[in-house]
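First comes the structure, then the notes that go with it.
The values are calculated or read from the model by the stated rules, or taken from the named source; none is laboratory data. For clarity, every value in this text was computed on a predicted model and none was experimentally measured. Reconstructed Cβ throughout: ideal geometry from the backbone, glycine too, with neighbour counts over all protein chains shown. Note: areas computed on protein heavy atoms with side chains; ligands, DNA, RNA excluded. Shrake-Rupley method; radii C 1.70, N 1.55, O 1.52, S 1.80 Å.
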Amino acid sequence: MSRRFDIHYVLDFIPKLLAYLNITLLIVGSSIALGLLIGLLVALPRLYNVPGLQRLSRIYVSFFRGTPILIQLFLVYYGLPEILGWLHIDVSRIAVLYFVILTYALNSGAFISEMIRAAVEAVDKGQVEAAQSIGMSGYQTFRRIILPQALGISVPLFGNLVIGNLKDTSLAFTLGVMEMTGRSQTLGTATQHFIETYIALSLIYFVISVLLERAFVWLERYLNQYAGKEQTSRQQRMAKRWQARLIPISDRGGKQG
Amino acid sequence: MIQLEGIRKSFGKQQVLGGINLTVQKGEVVVILGPSGSGKTTLLRCINYLERPDQGVIQIGNQKLEGKHPGRSEIHRLRQRTAMVFQQYNLFKHKTALENVMEGLTIVRGVPRDTAAEIGIEMLEKVGLGDRLHYYPSQLSGGQQQRVGIARALALNPEVILFDEPTSALDPELVGEVLEVIRRIAEEGITMIIVTHEMGFARDVASRVVFMDGGAIIEQGTPDDIFQRPREERTRQFLRRITPEANYSI
């Protein structure tokens, strides 16, 4: 039924699939952005031991971590309109893409909340006490001491999440969303060169994943500079900046003595 | 002046402090001694409310706090009058030595960055780290890190500096440099409360020694009183245990 393998089709398909890359990236980008917000909201009750809410957030996380994303897609797409229907809210005219983004956001929100929790708890408590002891407020401590270090700690985890999310978006075609994988289905059907579409498709996913991985490794190194033994460019810049200030001080000391 | 009245603290059913009264005059260097588990560190941590006492009054200058639930802003104001040097240094790991010292000045006190940098450099020079201003904690030795911790406390010009076993986490060869720095700033007349196990240092630097055991102050006095003429049996026992070399005979 399928025609003979022809490498030219792969080259031909790549730009055709890339035309839909923006939809894939839109799903990844917006669901991760929304997921960060959800993740933070879900992590807070557990970080601050808020009774009641803490339990809710635990249930939320274990549900989204414990069920396949494909089922979650179906549940949100078919289930949510039913529930909202009882409340007389009609969502039948909302594009399927938004349901997909919502599902991926809810899903990554669960993983991101765990990531935030782990990263915040990994910053040593002694530094929090030191910040309190010099009179910093809770917010100042979080913003200036915990957050910068938690970010560095969470980057490798976050990178895995984003790459995983990118690959998971390929399931959106099951609901008929025309992103890259959806497009590959139609190309395959039209030309009967399925293998070539899948090769083209996997090449694209692979290259984007590798680029993302590189970017996150760079980011991790950038955010964790302070943990290294070598002088960083930031230290050298600061040395230069405050050097002018050093000289007058030693001068002043000299004059007094 | 610092005044503690009837400070009580329990962790669960375990009573750690059983009603401590202590007054520290301006410029005094008070060293708290005692076996581990005697409540020294908890007492120190109650003074800046890192640990909330269950009961009692803490007064620093004209700032007075009572019991378990003072307001957040009251605690905040109390902490601005104190500074602490920790056993594990607790430096901000993502900030350089200078930034560690500047942090409290710029963020809490609202000192302009340039002025804060000047004060920071001065303090780091004072602890002998003028050449390590832009080093991250990971690039410094334990002794250097602790000296940054001391500079961070000094920079805030607090009414009292609390030292919580400042040399206990250090390699033996680095203890000296840190004690030397503390000794030097003690001579400047800054009020200090020090929890330590370094007896020689305590004897040297203290204007008053407080001996604690079982969550209570057993006795207090000048270093000579406590080390030469301890009145209480428990103090004698403790001193015998930690200075065994004095009892050796051949």
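Could you name the aspartates and glutamates whose alpha carbon sits less than 15 Å from that of residue B:64, not counting residues in the same chain fewer than 8 places away? In chain and number order, the partners are B:5, B:74, B:159.
Largest first, the residues A:86, A:242 sort by 1.4 Å accessible area into A:86, A:242. For the stretch B:47-82, trypsin sites (Lys or Arg not before Pro) are listed when DSSP marks them as loop and at most 14 other Cβ atoms sit within 10 Å of their Cβ; the list is B:68.
For the options B:108, B:205, B:16, a Gaussian network treatment of chain B with springs between C-alpha atoms closer than 10 Å singles out B:108 as fluctuating the most.
Screening chain A for whole DSSP H helices of 24 Å or more along their axis (Cα) with average Kyte-Doolittle hydropathy at least -0.5 returns A:21-47, A:96-122, A:147-168, A:194-223. Compute the acute angle (0 to 90°) between the alpha-carbon long axis of helix B:233-242 and the principal axis of greatest extent of the alpha-carbon atoms of chain B; round to the nearest 10°. Helix B:233-242 sits roughly 60 degrees off the main axis of chain B. Partner aspartates and glutamates whose Cα lies under 12 Å from the Cα of residue B:9, excluding those fewer than 8 positions away in the same chain, are identified as B:51, B:54. Restricting the GluC sites (Glu not before Pro) of the stretch A:177-245 to loop positions (DSSP other than H, G, I, E, B) with no more than 13 neighbouring Cβ atoms within 10 Å leaves A:230. The portion of the accessible surface of the stretch B:103-250 made up by carbon and sulfur, rounded to a whole percent, is 45 (1.4 Å probe; DNA, RNA and ligands excluded). The orientation-averaged projected area of the convex hull spanned by the Cα atoms of the stretch B:131-194 comes to 4.6 nm². In terms of distances greater than 29 angstrom between alpha carbons, the cross-link table entries A:125/A:167; A:125/B:26; B:13/B:95; B:26/B:68; B:68/B:93 yield A:125/A:167; A:125/B:26; B:13/B:95; B:68/B:93.
Taken about its Cα centre, the stretch A:7-248 carries a charge dipole of about 1040 debye when Lys and Arg each add +1 at the Cβ and Asp and Glu each add -1 at the Cβ. Between the listed residues B:92, B:55, B:12, the Cα displaced farthest toward the positive end of the dipole of the stretch B:2-140, a dipole computed from Cβ unit charges relative to the Cα centre, is found at B:12. In angstrom, the C-alpha Rg and Dmax of chain B are 18.4, 64. Evaluating kT/(6 pi eta Rh) at 37 °C and 0.692 mPa s, with the Kirkwood radius of chain A over Cα pairs in the Stokes-Einstein relation, gives 149 µm² s⁻¹. When the P(r) is computed for the stretch A:1-82, the part past 18 Å accounts for 67% of the Cα-Cα pairs.
How much net charge surrounds residue B:168 when only the other residues with a Cβ under 14 Å from the Cβ of residue B:168 are counted, with Lys and Arg +1 and Asp and Glu -1? Every neighbour counted, the sum reads -3.
Heavy-atom accessible surface of the stretch B:30-116, averaged per residue, reaches 36 Å², computed with a 1.4 Å probe.
Expressed as a fraction of 2.2 N^0.38 Å, the value expected for a compact globular protein of N residues, the C-alpha radius of gyration of the protein assembly as shown is 1.31.
Please give me the summed charge of the neighbours of residue A:167: other residues whose Cβ is under 14 Å from its Cβ, Lys and Arg +1, Asp and Glu -1. Once all neighbours under 14 Å are counted, the net charge is -3.
All C-alpha pair distances within the stretch A:52-175, sorted into 10 Å bins from zero, spread as 11, 31, 29, 17, 10, 2 percent across the bins. Interface B/A, total buried accessible area with a 1.4 Å probe, nearest 100 Å²? Its buried surface, counting both partners, is about 3300 Å².
In terms of accessible area, using a 1.4 Å probe and ignoring ligands and nucleic acids, B:23, A:181 rank largest first as B:23, A:181.
The residues of chain A have, on average, 57 Å² of accessible surface per residue, using a 1.4 Å probe with all protein chains present. Taking the charge dipole of the protein assembly as shown about its Cα centre, with +1 at Lys and Arg Cβ atoms and -1 at Asp and Glu Cβ atoms, the residue from B:121, B:143, A:48 reaching farthest to the positive side is A:48. Think of the protein assembly as shown as a dipole: +1 on every Lys or Arg Cβ, -1 on every Asp or Glu Cβ, centred on the Cα centre; then among A:140, A:156, A:37, A:37 lies furthest on the positive end.
Diagonalising the gyration tensor over the Cα atoms of the stretch B:9-146 and scaling each eigenvalue by 5 before taking the square root yields semi-axes of 31, 19, 14 Å, largest first. Electrostatic bookkeeping for residue A:127 treats Lys and Arg as +1 and Asp and Glu as -1; over the other residues with beta carbon under 14 Å from its beta carbon, the sum is +1.
Of the solvent-accessible surface of the stretch A:7-248, computed with a 1.4 Å probe and all protein chains present, 67% belongs to carbon and sulfur. Note on residue B:126: lysines with a C-alpha under 19 Å away, same-chain residues under 8 apart excluded, are A:255. If I take all pairs of Cα atoms in the stretch B:7-79, what percentage of them are more than 14 Å from each other? Taking all Cα-Cα pairs of the stretch B:7-79, the fraction more than 14 Å apart is 60 percent.
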